[in-house]
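Enquirer: Encoded as structure tokens, here's the structure I'll be asking about.
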Amino acid sequence: MAFLRVAALADLPAGSLRQFESGDLTIAIGNHEGEVFAIGGSCPHARGPLGHGALNGPMVTCPWHLWEFDCRTGVCDFNPKVSVPVYRTKVEAGEVYIEIA
């Protein structure tokens, strides 16, 4: 598996959420209580940009229609049959990476 650099850790203070795009890949990255996470960045409802939404505790809220996804599991809060991908992250030398296939 390959890792892709997505941000500097300094750009992800606790409680922050960002959108990252590279080619066809769209990722929402953030920092929940000191833990960096990465999930698919497009809401399955209407393709809203999750990284432009809000982080409320562990929940990422889509800015378009307020659908919420758990940053740890990718599962939608009101419909567990709906989810977004979750990507493994690592931090090395102050840089944030996600694992991609």
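Enquirer: Out of all the residues in the range 79-87, is one or more open to solvent by 30 Å² or more (accessible area, probe 1.4 Å), in contact with a Pro (Cβ under 8 Å, 6 or more places away or on another chain), among the hydroxyl-bearing types (Ser, Thr, Tyr) and in contact (Cβ under 8 Å) with a residue 12 or more places away in the chain?
Expert: yes
Enquirer: What number of residues within the range 87-101 are among the aliphatic types (A, V, I, L, M) and either touching a Cys at 6+ places or on another chain (Cβ under 8 Å) or assigned to a loop (DSSP other than H, G, I, E, B) (or both)?
Expert: 2
Enquirer: Tell me the strands (runs of 3 or more DSSP E) entirely within the range 17-74 that contain at least 3 residues that are at pLDDT 95 or above, of a type in the set (Val, Ile, Thr) and under 12 Å from the mean Cα position of the chain (by Cα).
Expert: Details: elements: 17-22, 25-32, 35-40, 54-56, 59-61, 68-70.
Per the criteria, 25-32.
The values are calculated or read from the model by the stated rules, or taken from the named source; none is laboratory data. What you see is a predicted model; the values in this text were computed from it and never measured. For neighbour counting, all protein chains shown are included, and Cβ atoms are generated from backbone atoms with ideal geometry for every residue, glycine included. Heavy atoms of the whole protein, side chains included, go into the accessibility calculation; ligands, DNA and RNA do not. Shrake-Rupley method; radii C 1.70, N 1.55, O 1.52, S 1.80 Å.
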